[in-house]
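Single-structure report; data block below.
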Amino acid sequence: MRVAQTIVLTEETRRRLEHHARGRSTAARVVMRSRIVLLAADGFQNKQIAENLRVAPRMAALWRERFLEQGVDGLLKDAPRPGRTPLISSDVTATLIAKTTQSTPDNATQWSTRTMAREMGISKASVSRIWRANGLKPHRVDSFKVSNDPQFADKLEAIVGLYLNPPEHALVLSVDEKSQIQALDRTQPGLPMKKGRGATMTHDYKRNGTTTLFAALNPANGEVFGLCQEKHRHQEWLKFLRMIDQTVPADKQIYLICDNYATHKHPRVQRWLEAHKRFHVHFTPTSASWLNMIERFFRDLTQNRIRRGVFQDLEQLITAIGSYIDVHNKNPKPFIWTAKASDILEKVTRAQTTLNKR
């Protein structure tokens, strides 16, 4: 009669096995394997272990051998299995991926699972499975815009430098206007949220006018100055600059970061800035308004207060915007800029190189 290999356990190994064998939250298969090894260490043969634990003798032999080869860790997971032979060859998969990424069907701008299935002669479920495995989503498209400003690097370094290392005895302000904010009133009252159903809102609306918010964000502490105006011409921009001039202490220099909107460069604005020497304006590179921190505040304003708001007249909208800014300023939090100018420049340069190749 064949005699199974002897198992000798150290105190630490036996302690681990007993912990697994008694563990209430341990997987049942691990509990059974640990008991098999413990009985084997006590001198029981595979047939005796099988009768004791009511398992097949080959199962007792299997886990005895696995423990001798891999130790306790070998009991915690199954050995990898080869699985069945795939029905779709690797060549077919490679061709499908190439078609998905490098071509389009004759009558559409992107492939669907059904059109690709007809093209490749396989099922749409197989197409979907291959796309998921390779992270392909032909139905989605992301937008982008790479700046072509010849002075991109200089403007980038200047603006990021103001964020990360602002001048002493100076105030850095990220300024811009959020134009055409609509006071929308719904045609019918919506229903409140309840268990099992979200709040409702009619898809159609009534326009009750628009306003433009001129805002300045202090990156150092997150405080926001705001002024709502009927229009967004250079006259309103000058009025906003005068408000900043009156608000900020006279002994502080003011560094403004704004985009290239024509209103910001109007001749009258330029003359006013020349007369007020403490104002220093830095324009973001063209097609790079994302460098302006105030855009992040505008996003929060839209998401939290405007998008789902109901305003029966323009005054309600202006009051809501003012209240939002007041509440924000009670506990402002700075918007921390973490990206280095060199990292941004490297990414933009790589994108421009890719576009030039295409």
Any residue at all in the stretch 258-265 that is of a type in the set (S, T, N, Q), assigned by TED's automatic domain parsing to the domain that holds residue 212 and free of Cβ contacts under 8 Å to residues at least 24 places away in the same chain?
no
Are any of the residues in the stretch 305-327 touching a residue at least 60 places away in the same chain (Cβ under 8 Å) and over 30 Å from residue 192 (Cα atoms)?
no
Only one of 271, 299, 305 is surrounded by 13 or more Cβ atoms within 10 Å (Cβ to Cβ), part of a helix (DSSP H, G or I), in the same structural domain as residue 158 (by TED's automatic domain parsing) and among the basic types (Lys, Arg), namely 305
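Determine which member of the set 129, 186 is in the same structural domain as residue 335 (by TED's automatic domain parsing) and over 30 Å from residue 349 (Cβ atoms).
So the residue among 129, 186 that is in the same structural domain as residue 335 (by TED's automatic domain parsing) and over 30 Å from residue 349 (Cβ atoms) is 186.
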May I ask you to say which residue of 263, 212 is among the polar types (S, T, N, Q) and not in a helix (DSSP H, G or I)?
212
Among the residues in the stretch 77-99, are any among the basic types (Lys, Arg) and assigned to a helix (DSSP H, G or I)?
yes
Checking 127, 141 in turn, the sole residue that is at pLDDT 95 or above and of a type in the set (A, V, I, L, M) turns out to be 127
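From the list 221, 208, exactly one residue is surrounded by fewer than 14 Cβ atoms within 10 Å (Cβ to Cβ) and either on the phi < 0 side of the Ramachandran plot or in the same structural domain as residue 335 (by TED's automatic domain parsing) (or both). Which is it? Give the steps one after another, and end with the answer.
Values: 208 fails: surrounded by fewer than 14 Cβ atoms within 10 Å (Cβ to Cβ).
Answer to the selection: 221.
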Have a look at 140, 118 and point out the one that is over 30 Å from residue 256 (Cα atoms) and either assigned by TED's automatic domain parsing to the domain that holds residue 342 or part of a loop (DSSP other than H, G, I, E, B) (or both).
140
Per-region count, the stretch 335-350, residues surrounded by fewer than 14 Cβ atoms within 10 Å (Cβ to Cβ) and either closer than 21 Å to residue 287 by Cβ or modelled with pLDDT of 85 or more (or both)
8
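The values are calculated or read from the model by the stated rules, or taken from the named source; none is laboratory data. Just so it is clear, the structure is predicted and the values come from calculations on it, not from any experiment. Cβ atoms come from the backbone with ideal geometry, glycine included; neighbour counts cover every protein chain shown.
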